[in-house]
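The values are calculated or read from the model by the stated rules, or taken from the named source; none is laboratory data. Values in this document were obtained by computation on a predicted structure and should not be read as measured data. Neighbour counts are summed over all protein chains in view; Cβ atoms, including those assigned to glycine, are modelled from backbone coordinates with ideal geometry.
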Amino acid sequence: MSHPLPDTHDQPGRRQLFGLPLAAAMVGGGAARSDAAPADTAPAGIGIDQPLGIGLEGWPYPGPVGFLPLVNEGQAVRMAYMDFPPVAAANGRVVFLLHGKNFDSSYWSGPISWLRAAGFRVVVPDQIGFNKSSKPDIDYHFELLAANTMALADALSVGRITVLGHSTGGMLAVRLASIHPERVEQLVLEDPIGLIDYRAHIAPQTTATLQASERGYTAATYRAFVAHYFPILPPEHYEPFVTWRMRVALSGEYERFVRATALTYQMIYRNPVVDLYATLAPPVLLLVGEADRSAPLAGFATPERRAAMPTIPDAARGVIAAVPHGRLVTFAGVGHVPHLEVADAFQAAVLGFLAHR
């Protein structure tokens with residue numbers, strides 16, 4: 001069972017947000033801060049040839065978006081987030097959902113819904129440099145993003161948290177749990193990158209080279225890039241990722257987006273976390289699609305080094321053995337985003353893990 005993404009072409013009868021009717025997805029949640037904005041809605045008739053701001057202004061999210069003011073490396077920035085109360089009897093626990101690099105937070109609609117139904121409060125931040133948050137020209141590193149995430153938890157009066165991190169969000173989640181073991185109750189990692197040290201396989205690249213690569217995408221080449229994440233998800237369900245990315249390319253602030261994208265790739269390359277797995281204190285659930293062949297910056301590796309680079313499922317089997325309290329669950333035939341490709345199986349695995357502390 002898969003959760004379709006928002007219909008960015010606004011065709012009649014397709015007003016869906018990751019499997020939730022848009023009207024239903026927009027109610028019931030609220031950001032805790034008084035400056036929270038109303039939930040975004042997609043303007044009718046807007047297609048891939050229409051500009052979109054680099055803060056994804058107007059791109060539909062499954063609930064109201066608030067902004068936390070921060071200062072990062074001397075620059076005033078705003079961190080976007082959603083904050084959803086439980087819709088069933090509250091269990092007193094809070095789950096933070098940490099997004100991947102090339103995914104906007106609307107793709108969390110399914111997990112938001114079933115976590116709330118299980119009694120959890122759900123907080124969904126957009127990290128600085130991504131999605132609806134500010135995109136400053138700074139030296140990005142995971143310690144900074146972890147500090148921002150915990151600043152959000154403090155602003156929302158949240159103490160201990162459970163963290164579910166996907167892809168780059170998984171890499172961040174590992175760093176966060178290593179810095180704040182007393183604050184993280186449980187750690188769920190969905191196809192996290194960073195299970196290997198990419199410096200051992202890929203030569204360093206200049207930021208200018210990474211910017212040029214990002215600028216070079218066309219709709220066709222970016223669509224092919226996104227498609228490799230989803231071996232079994234129908235193309236129409238991941239086309240919205242292509243739509244917003246190509247619309248952002250028409251923004252007057254596109255160069256700022258390109259710069260932030262390149263700098264966050266440098267963060268992934270320069271800030272390995274694989275050695276931290278053996279130090280993790282909380283229980284860890286590692287969820288991996290067996291067909292996941294994602295590897296950031298792999299296009300810059302030589303063919304020989306690329307062939308020798310462990311895949312995410314292969315690396316996961318080695319890493320989980322080092323985790324003090326770890327469990328690995330794999331999904332046959334599934335790619336990089338199990339919560340979209342095999343939503344029911346993913347939900348069952350996560351809720352089963354969260355029920356046992």
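Laid out as a table, the results:
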item: Residues (under 17 Å from residue 64 (Cβ atoms) and either surrounded by 23 or more Cβ atoms within 10 Å (Cβ to Cβ) or touching a Gly at 6+ places or on another chain (Cβ under 8 Å) (or both)) located in region 100-112; result: 105, 106, 108, 109, 112
item: Yes/no for residue 250 being out of contact with any His (no Cβ under 8 Å at 6 or more places or on another chain), buried (at least 19 other Cβ atoms within 10 Å of the Cβ) and modelled with pLDDT of 95 or more; result: no
item: Residue under evaluation residue 296, criteria (1) crowded, with 17+ Cβ neighbours inside 10 Å; (2) closer than 30 Å to residue 206 by Cβ; (3) out of contact with any helix residue (DSSP H, G or I) (no Cβ under 9 Å at 6 or more places or on another chain), criterion not met; result: (3)
item: Candidates 167, 109, filtered to the one that is at pLDDT 95 or above and under 30 Å from residue 207 (Cα atoms); result: 167
item: Test: residue in region 303-312 that is in contact with an Asp or Glu (Cβ under 9 Å, 6 or more places away or on another chain), at pLDDT 95 or above and in a helix (DSSP H, G or I); result: yes
item: Some residue of region 177-194 being charged (D, E, K, R) and part of a helix (DSSP H, G or I); result: no
item: Pairs, first within 17 Å of residue 127 (Cβ to Cβ) in region 267-280, second crowded, with 17+ Cβ neighbours inside 10 Å and of a type in the set (Lys, Arg), C-beta under 7 Å, six or more apart; result: 273/175
item: Hey, residue 229 buried (at least 16 other Cβ atoms within 10 Å of the Cβ), out of contact with any Leu (no Cβ under 8 Å at 6 or more places or on another chain) and outside any helix (DSSP H, G or I) or not; result: yes
item: Those residues of region 117-155 which are farther than 18 Å from residue 75 by Cβ, in contact with a Leu (Cβ under 9 Å, 6 or more places away or on another chain), surrounded by fewer than 20 Cβ atoms within 10 Å (Cβ to Cβ) and not small (Gly, Ala, Ser), in sequence order; result: 150
item: Among the residues listed as 282, 272, the single one being closer than 21 Å to residue 138 by Cα and assigned to a loop (DSSP other than H, G, I, E, B); result: 272
